[in-house]
Amino acid sequence: MAEVNIGGITFKGGKMLAVILALGSSIGVLYGGFEMFKKFQDMSAQIESYVAPDLSEFDKTIALTKEEMKSKTDLIQTEVEMLMSEMEMMMSEIRLVSDVANELKNDLRQDVRRVEKIVNDVEQQVKEDSRDNAKDLKITIDTIEDDMKKLEDRLKQAQKELEEKMDKRIKLALENPLGAM
């Protein structure tokens with residue numbers, strides 16, 4: 001058997017194999033440790049050099065969308081106000097017509113008291129005018145109500161379209177692969 005003498009210690013066969021294995025394992029462990037330390041340093045350098053992506057375009061898009069929503073809401077509100085003012089104007093005209101009809105009716109009653117023969121003819125005419133005015137008033141009110149319903153439907157449709165557009169933009173922004181970072 002082979003013997004090796006190192007510093008007064010003699011190694012024979014099995015001991016020599018154990019020493020060689022221990023040295024080989026120590027070298028392997030040291031090599032693995034150095035490689036791990038090098039990878040750690042490389043990873044640290046990459047982490048320190050990382051720059052977050054610029055998301056200012058998303059912020060601009062969201063701000064623009066908010067502005068569009070506000071302008072459309074203002075436009076709808078303006079249209080509603082215009083319709084309300086038109087309705088008020090129509091109602092004032094109806095009141096004016098009604099007031100004029102009442103004045104005429106009173107004048108006719110005074111004339112009727114003076115002339116008995118005209119009384120019957122005037123009364124029938126006033127009754128017919130009242131019925132016509134009531135019919136016209138009902139038709140006008142029905143028309144106004146129909147216009148209001150149509151406006152409400154248009155407003156609901158515009159709101160629905162705006163919501164769909166917003167949902168689509170949000171979905172596109174969320175589906176963007178840069179948004180996942």
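General remarks:
- Inter-residue pairs, beta-carbon under 7 Å, first more than 11 Å from ALA173 (Cβ to Cβ) and in the stretch 45-62, second assigned to a loop (DSSP other than H, G, I, E, B) and modelled with pLDDT under 80, 6+ apart: PRO53/MET181
- Residue check, SER56 closer than 30 Å to LYS165 by Cβ and polar (S, T, N, Q): yes
- Residue count for the stretch 12-68, restricted to those that are closer than 25 Å to PRO177 by Cα, of a type in the set (Asp, Glu) and either assigned to a helix (DSSP H, G or I) or modelled with pLDDT of 85 or more (or both): 3
- Checking ILE27, ILE62 one by one, the residue that is surrounded by 10 or more Cβ atoms within 10 Å (Cβ to Cβ) and in the same structural domain as ARG169 (by TED's automatic domain parsing) is ILE62 and no other.
- Residues in the stretch 115-164 that are under 27 Å from GLU68 (Cβ atoms) and touching a Ser or Thr at 6+ places or on another chain (Cβ under 8 Å): none.
The values are calculated or read from the model by the stated rules, or taken from the named source; none is laboratory data. Because the structure is a prediction, the values reported are computed rather than measured. Glycine gets a Cβ as well: all are built from the backbone with ideal geometry, and neighbour counts include every protein chain shown.
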